[in-house]
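Heads up: the structure comes next, in structure tokens.
The values are calculated or read from the model by the stated rules, or taken from the named source; none is laboratory data. As the structure is a prediction and not an experimental result, all values here were calculated from the model. Backbone-built Cβ (ideal geometry, glycine too); neighbour counts: all protein chains shown. Side chains are part of the model used for accessible areas, which takes the heavy atoms of the whole protein and leaves out ligands, DNA and RNA. Shrake-Rupley method; radii C 1.70, N 1.55, O 1.52, S 1.80 Å.
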Amino acid sequence: MSRSERKWDHIRFALQKRENNSSVFDEIKFIHQSLPNISVNDVRLDHSIGELSLSSPIFINAMTGGGGEKTYQINKELAIAAKNTGLAMAVGSQMSALKDKGERYTYEVVRKENPKGIIVANLGSEATADHAKRAIDMIAANALQIHLNVIQELTMPEGDRNFTNALKRIENLVNAVDVPVIVKEVGFGMAKETVETLSSVGVTAVDVGGSGGTNFAEIENKRRERTLSFFNEWGIPTPISIIEAVCESENIFVIGSGGFLTGLDIAKGIALGANGIGMAGFFLRILVEKGLEALEKEIETLHNELVFIMTSLGAKTISDLQNAPLIISGETFHWLNQRGIDTKRYSQRRIK
Ligand code: FNR
């Protein structure tokens, strides 16, 4: 199967996922504030992640490109939505365009449609510093994501089987490029030890890409004859992974992603410590099933929901929201307890 056919398979199978009413965020609850003492008009959603100044904490996470006309069209429409709603946007892995110049246009369209936007390049951890520079140049990227996807590769029939030296390559690449590097997972989460290791080689931002949303083990299992079903349940749920990452290092920016669907999910992700929230599968499904206008409307709704939630908590800024008190219960609490992470830092704080 060609790389471009595989890209289309990923989109096709990701579209089959149906949202349900339960969320990985159910075990996180805000503490109600009866006297928030602010107005809706006081709330601001702009925020910085290091040198990236964002007008919204939400961004469109890496999905596609490199699969010819269909992926060109998706990237084009995602880029228009990003421009019209002020969201940053990452493209899908650009290795295909580094190997085949004929695929470059499927990524370049993102910069063409959104000349002034924040756009993020994307490659896997097999990338060298030279690959990284070329991927950044291709779309005049403001940042670079490097994805770690061991479980996806192992489940993929034609996937990689050798994962040695990834950390060394990441270190070289961080030192060679002049934009921020965000190391991300793709739906299996990151443990605090991983974040600590990445931080030790100079990585300053991670996207935890936790479990609970798009599931690449399920997607790749649909492409296998004999399934590796044990990987379907693998991974660290997104809220836990955000907390693991945040508690590990104050010097690292943490982006939450994996399973975000609503303004409440986003507010919870930020309150757990995330500096930004990436959304992929949910946006893709709206775009493909309902069109560009519906996607832009959904993003607007998410912004409005977030503003209302922040108002109810008395949070004027994203930094305030990161200090909103909340309660962590159930399995999430149990996990954190086992990992030696004290949840009182969340339940006993207040917005100053
Ligand atoms: C992805 N994702 C992804 N990530 C990445 O770093 N490079 C890539 O090329 C892709 N490709 C891709 C294709 C499709 C169709 C989807 C839906 C997703 C993973 C994505 O960025 C994100 O980490 C996960 O999808 C989890 O977030 P959601 O989908 O639960 O919001």
Exercise for review: Before rounding to the nearest 500, sum -39500 (n - 2.57) across all DSSP H runs of length at least 4 in the chain and divide by the residue total; then give [θ] at 222 nm in deg cm²/dmol.
Suggested key: -13000 deg cm²/dmol
Practice item. Provide, for q = 0.28, 0.29 Å⁻¹, the log10 of I(q)/I(0) from a solvent-free Debye sum over equal Cα point scatterers in segment 271-328. Key: -1.09, -1.13
Exercise for review: Can you tell me the 0 to 90 degree angle between the C-alpha axis of helix 281-290 and the longest principal axis of the chain, rounded to 10?
Suggested key: 70 degrees
Exercise for review: Enumerate the calculated ³J(HN,Hα) couplings along segment 123-131 in order (Karplus 6.51 cos²θ - 1.76 cosθ + 1.60, θ = phi - 60°), each rounded to whole Hz, writing x wherever the residue is Gly or Pro.
Suggested key: 9, x, 6, 7, 5, 9, 4, 5, 4
Point to revise | For segment 1-130, the spread of Cα positions along each principal axis, largest first, Å | key: 58, 35, 28
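Per-residue counts of other Cβ atoms within 10 Å, averaged by peptide: what ranking do you get for 71-79, 221-229, highest first? Please list the in-between numbers first.
Working: 71-79: 21.6, 221-229: 12.6.
Descending mean neighbour count gives 71-79, 221-229.
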Exercise for review: Excluding residues fewer than 8 places away in the same chain, name every one of the lysines whose C-alpha is closer than 21 Å to that of Lys184.
Suggested key: Lys7, Lys133, Lys168, Lys192, Lys268
Review point. Once the other residues with Cβ under 11 Å from the Cβ of Ala121 are scored (Lys, Arg +1; Asp, Glu -1), what is the net sum?
Key: +2
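Ranked by accessible surface with a 1.4 Å probe, highest first, in what order do Thr64, Thr197 come? Can you show the working numbers first?
Details: Thr64 5, Thr197 60 Å².
If we order Thr64, Thr197 from most to least accessible, we get Thr197, Thr64.
How do Arg111, Arg345, Arg350, Arg104 stack up against each other in accessible area, from largest to smallest, with a 1.4 angstrom probe? Display every interim value, and only then the final one.
Details: Arg111 40, Arg345 110, Arg350 175, Arg104 80 Å².
Largest to smallest exposure gives the sequence Arg350, Arg345, Arg104, Arg111.
Can you give the relative contact order of segment 1-129 as a percent, counting alpha carbon pairs under 8 Å and 6+ residues apart? It would help to have the intermediate numbers written out before the result.
Details: 164 pairs, mean separation 29.2, N = 129.
This gives 23 percent for segment 1-129.
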Review point. Taking a threshold of 32 Å on the Cα-Cα distance, which of the pairs Lys116/Lys316; Lys70/Lys316; Lys17/Lys297 fall above it?
Key: Lys70/Lys316
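I need the peptides 238-247, 263-272 ranked by packing, meaning the mean over residues of other C-beta atoms within 10 angstrom, with the highest value on top. Show your work: numbers first, answer last.
Numbers: 238-247: 27.8, 263-272: 25.6.
The packing order, highest mean first, is 238-247, 263-272.
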Check your understanding: If ligands, DNA and RNA are left out, what is the accessible area of His32 with a 1.4 Å probe, given in Å² to the nearest 10?
Key -> 140 Å²
Exercise for review: Return the FRET efficiency for the residue pair Arg12, Lys297: r is the Cβ-Cβ distance, R0 is 25 Å, and the value is rounded to the nearest 0.05.
Suggested key: 0.55
Revision key, fill the gap. Largest first and rounded to whole Å, the semi-axes √(5λ) derived from the alpha carbon gyration tensor of segment 63-110 read 20, 10, 7
Revision key, fill the gap. For segment 121-217 the mean separation of alpha carbon contacts under 8 Å (6+ apart) over residue count, i.e. relative contact order in percent, is 29 percent
Point to revise | Computed over segment 308-352, Kirkwood Rh from alpha-carbon pairs, angstrom | key: 11.4 Å
Check your understanding: Which three semi-axes in whole Å describe the equivalent ellipsoid of the chain, each the square root of 5 times a Cα gyration tensor eigenvalue, listed largest first?
Key -> 30, 23, 20
Review point. For q = 0.12, 0.19 Å⁻¹, what log10 I(q)/I(0) does segment 149-294 give under the Debye formula with an equal point scatterer on each alpha carbon and no solvent?
Key: -0.54, -1.17
Review point. Using just the C-alpha positions of segment 128-217 as equal point scatterers, what log10 of I(q)/I(0) does the Debye formula give at each q in 0.10, 0.16 1/Å?
Key: -0.26, -0.69
Practice item. Would you mind calculating the relative contact order of segment 198-352 from Cα pairs under 8 angstrom and at least 6 residues apart, reporting the percent as a whole number? Key: 21 percent
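With a ≥ b ≥ c the root eigenvalues of the C-alpha gyration tensor of segment 211-352, is it rounded (a/c under 1.5), prolate (a/b larger than b/c) or oblate? Don't skip to the answer; put the middle values down first.
Numbers: a/c = 2.56, a/b = 1.19, b/c = 2.16.
Oblate is the answer for segment 211-352, as a/c is 1.5 or above yet b/c matches or exceeds a/b.
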Practice item. Leaving ligands, DNA and RNA out of it, work out the accessible area of Asp320 with a 1.4 Å probe and give it in Å² to the nearest 10. Key: 40 Å²
Practice item. Just name one of Thr332, Thr343, Gly281: the one whose Cα is farthest towards the positive end of the charge dipole of segment 199-352 (beta-carbon charges, Lys/Arg +1, Asp/Glu -1). Key: Thr343
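Can you work out the accessible area per residue across the chain, with the rest of the protein chains kept in place, probe 1.4 Å, in square angstrom?
Working: 15710 Å² over 352 residues.
So the chain comes to 45 Å² accessible per residue, rounded to a whole number.
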Review point. Excluding ligands and nucleic acids, what accessible area in Å² is computed for Glu293 using a 1.4 Å probe, to the nearest 10?
Key: 150 Å²
Review point. Quick one: what does P(r) look like for segment 235-318 with 5 Å bins over all Cα pairs, in whole %?
Key: 3, 15, 22, 21, 18, 13, 6, 2, 0
**Study point:** Carbon plus sulfur fraction of accessible area for the chain, probe 1.4 Å, in percent
**Key:** 48 percent
